[in-house]
């Protein structure tokens, strides 16, 4: 019997790769509560997308065909399905962060946000970061049903292992009355040829040192050469250089690429909280005392406006 | 038009790496660190003030009530919000460590029942616990629509609904919520043109960031009503749904070496780290 329910997030009719991290979490947590896991695919095109989820070892794949996302419509459906489980989980994307506390409240469940590790401490417990990642808390959820969001970078994407989970309809659930007072008024997709920050193998991030949005061109050129993503600090977002969805840090995206190149950013601890899990960190900053150097594997003290274009040219020579 | 803005104090977020874990691992302490208003809550106060004023003639179009759960010392953070321009404060006595989202939501539910605001406007997360749950849970509890992570708000002259721009994964989502509603704010909400209220002309721009209390504001804050309450006054007994077992420091990352030039850097990335 499945005791964990994984919520798969749809984007343009396909399950987001980030949801595969929640499946890995479920694979680790399920044995501790005895049993297996199911996957709920909810959203527009869920029926078609469910087929892509049948090879991930779930006992069942549940389907809820729903209109465009609003919490008031989705939370009753997820909670309705979730009440048959001990744990209901999703990846901590903006979708997961928006939806899952609502699900928890519907279920009168406690919720652990942004879990980075599953541990057994006389029963199932979780590790989650607090204080911008400067403290790791071991926490137990005391309610009969537990709601969890998981940090994508800390759980590898589950690999499809074959098998054929049966597909079933999730129980129907009516939207909350509040749904009548909320209306989707549009979605503007960010069109980018670059990989998503949370999926990227290489990230080149810029801070306030870039001085303008226009100057991010030199960051983009380097990122594109390495088939990487562009990131930014909160200060750069605050200053209006780039949109907020490029923000790496405590209150933005948490990333852990193979290579993180930090350019013109001092390394405020809110930023470090979002990237210090990266495998290799390079820092380019003209201030030799900048805190970013204390976490960087390779530091280059230089004027970024000369060093970054030079770095791009030099990499072209060796690629 | 009345807006309720919940507040929490946090240990100075710019020095969050200086919080200490007690030797037995049971407690996190922030001795020596200054208490600050949670930054996102400060942004919510700013947004609430922009909604309820006509910037061109300083006319007030509504009331902003701030409510804080915290110990008696948190009076300082409530007063800061009053000095920024909020009209009234409520401080509900509670130990910082006794607060989880459920306790806060239990209390806010009762405050909302008493105050009957049109809008609860709050920060998207507190930067100590980093849980990001209260707005969403409160919306369910109240049966009100929610819009989280607001980067831009546009209200009609009547201030009875809001078109909310949310910067989410993969794009920008727009939601229209009819009041009463719960809206949580992200950092861009304090950009110069992030809040439009149909009263202040759209072309008006605010200075970047939350406003600093003026000297006049600070003087006035001392005279503004600040009610001291207890959780028991609202019939709330703290019943956290989470149990924190212990705390530990994260693994530390070691600093590497400085490289003299771009050529050396590229050589190391290629031959030593093997990442390009």
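What follows is calculated from the coordinates using simple rules that are stated; it is not laboratory data. Since the structure is predicted, the reported quantities are computational estimates derived from the model, not experimental observations. Virtual Cβ from ideal backbone geometry, glycine too; neighbours counted across all protein chains shown.
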Checking rank on B:261-268, B:128-135, with mean other Cβ inside 10 Å and highest first, the result is B:128-135, B:261-268
Only Cα pairs within less than 10 Å get springs; with that Gaussian network setup on chain A, which residue of A:285, A:244, A:134 has the largest fluctuation? A:134
What's the average, rounded to a whole number, of partner chain beta-carbon atoms within 10 Å of each residue's beta-carbon in A:247-257? 2
Which shape class, rounded, prolate or oblate, goes with chain A when its Cα gyration tensor gives a ≥ b ≥ c as root eigenvalues, a/c under 1.5 marks rounded, and past that a/b bigger than b/c marks prolate? prolate
By Cβ neighbour count within 10 Å, fewest first, A:105, A:289 rank A:289, A:105
Share antiparallel - DSSP beta bridges, the range B:152-259, percent rounded to 5: 85
Within 10 Å of each Cβ of B:237-244, how many other protein chain Cβ atoms are there on average? 5
Going from the fewest other Cβ atoms within 10 Å to the most, one would list A:253, A:211, B:196 as A:211, B:196, A:253
With springs connecting C-alpha atoms under 10 Å apart, model chain B as a Gaussian network and identify which of B:142, B:82, B:119 has the largest mean-square fluctuation. B:142
Quick check on the range A:42-184: take the gyration tensor over C-alpha atoms, sort the square-rooted eigenvalues as a ≥ b ≥ c, and tell me if it's rounded (a/c under 1.5), prolate or oblate. oblate
Of B:171, B:209, B:198, the one that fluctuates the most in a GNM where chain B has Cα springs shorter than 10 Å: B:171
Please compute, for peptide B:8-16, the average count of beta-carbon atoms on other protein chains lying within 10 Å of each residue's beta-carbon. 3
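With the Cα gyration tensor of the range A:202-318 giving a ≥ b ≥ c as the square roots of its eigenvalues, does the rule (a/c under 1.5 for rounded; else a/b larger than b/c for prolate; else oblate) give rounded, prolate or oblate?
rounded
Let's test the formula: R0 of 22 Å, r as the Cβ-Cβ distance of residue B:232 and residue B:22. What FRET efficiency results, to the nearest 0.05?
The calculated FRET efficiency here is 0.20.
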Quick check of the Kirkwood formula: for the protein assembly as shown, what is the inverse mean of 1/r over all pairs of different Cα atoms, in Å? 24.7
How do A:93, A:153, B:29 rank when sorted from fewest to most other Cβ atoms within 10 Å of their own Cβ? B:29, A:153, A:93
